[in-house]
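Q: This is the structure I have questions about; it appears just below.
The values are calculated or read from the model by the stated rules, or taken from the named source; none is laboratory data. All of these numbers come straight from a predicted model, not from anything done at the bench. In this analysis, Cβ positions are derived from the backbone assuming ideal geometry, glycine residues included, and neighbour counts consider all displayed protein chains.
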Amino acid sequence: MLWKGSSVKLPPGVQLRVSETARRVSLRVDAPTGVVLLVVPKRASLTRAADFAEKNRKWIDSKLKSLPPPVPFADGIDVPVGGQSHRIRHRPEMRGTVWREGNEIHIAGKVEHLPRRLTDWLKAEARREISALVDRHAEVVGRRPARVTLRDTTTRWGSCSPTGRIAFCWRLILAPREVMDYVVAHEMAHLVELNHGVRFWRLVRKLVPDVDTPRRWLSDHGIRLHRYG
Ligand SMILES: [Zn+2]
């Protein structure tokens, strides 16, 4: 690789992305991960690309500042579950793993295990709720997915393959119920219509009463869900 062994320094918060298709050096905000990407064509000069980033440092800093702050999983923070705020409580003296009490989530064990335990619990909740929605929509759609997987995708909330495999971002558990419901309905409708045509949207609207509000919610607030953990 052209860049190997190079010692060119980039401004803080900037990551290099070598692109096969880009024609010129550019800066792009990758909101879900909270970094600014310096997109550099494969054969461009890295030194010049770094100069370009340096020259745009003000722009980079203002973009980074405007992103929602990261929320690491820790005692005392609030995490939305199904869109409802839940207070995280570390219970080092307790046995067991993770449990919910009203609007609190209690996590036993050592503090260093708290983030992983909470993440595992949220993923399990996501799997449980998504499975229930898949079952419900399958009755209307008349088809079942070949497989349902959970991922930590930053670019897509859900996807459906031509072979009927459906994947979801586990962070949908942090969104309001109707948002998760809409994303599941969207992918389930793709089992019949693998496109975004008129018949596809007609089917989605048969599955969920409101399509526009969840879509707007995701474009307005979806980024925040990636800042947790
Ligand atoms: Zn789609």
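Q: Output the residues belonging to region 185-202 that are touching a Leu at 6+ places or on another chain (Cβ under 7 Å) and among the hydrophobic types (A, V, I, L, M, F, W, C).
A: 185, 188, 189, 192
Q: Check off (1) within 16 Å of the chain's Cα centre (by Cα); (2) surrounded by 21 or more Cβ atoms within 10 Å (Cβ to Cβ); (3) within 16 Å of the ligand (Cβ to nearest atom) for residue 174 and give me the number that stays unchecked.
A: Of everything listed in (1) within 16 Å of the chain's Cα centre (by Cα); (2) surrounded by 21 or more Cβ atoms within 10 Å (Cβ to Cβ); (3) within 16 Å of the ligand (Cβ to nearest atom), residue 174 misses just condition (3).
Q: Can you tell me which residues in region 62-94 are more than 19 Å from the chain's Cα centre (by Cα) and touching a residue at least 24 places away in the same chain (Cβ under 8 Å)?
A: Result: 63, 74, 75, 88, 90.
Each row is one residue, and each column tells you yes or no for (1) over 14 Å from the mean Cα position of the chain (by Cα); (2) within 13 Å of the ligand (Cβ to nearest atom); (3) surrounded by 19 or more Cβ atoms within 10 Å (Cβ to Cβ); (4) modelled with pLDDT of 95 or more.
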site	(1), (2), (3), (4)
129	yes, no, no, yes
133	yes, no, yes, yes
143	yes, no, no, yes
153	no, no, no, no
159	no, yes, no, yes
170	no, no, yes, yes
179	no, no, yes, yes
197	yes, yes, no, yes
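Q: Which residue pairs have Cβ atoms under 6 Å apart, sit 6 or more places apart or on different chains, and have a first residue in region 190-211 that is assigned by TED's automatic domain parsing to the domain that holds residue 166 and a second that is hydroxyl-bearing (Ser, Thr, Tyr) and more than 9 Å from the ligand (Cβ to nearest atom)?
A: From residues that are assigned by TED's automatic domain parsing to the domain that holds residue 166, the pairs are 208/182.
Q: Tally the residues that are in contact (Cβ under 8 Å) with a residue 60 or more places away in the chain and in a strand (DSSP E or B), restricting the search to region 22-39.
A: 1
Q: Kindly indicate whether residue 191 is over 27 Å from residue 224 (Cα atoms), within 14 Å of the ligand (Cβ to nearest atom) and crowded, with 19+ Cβ neighbours inside 10 Å. Steps first, answer last, please.
A: Numbers: over 27 Å from residue 224 (Cα atoms): yes; within 14 Å of the ligand (Cβ to nearest atom): yes; crowded, with 19+ Cβ neighbours inside 10 Å: yes.
Answer is yes for this residue.
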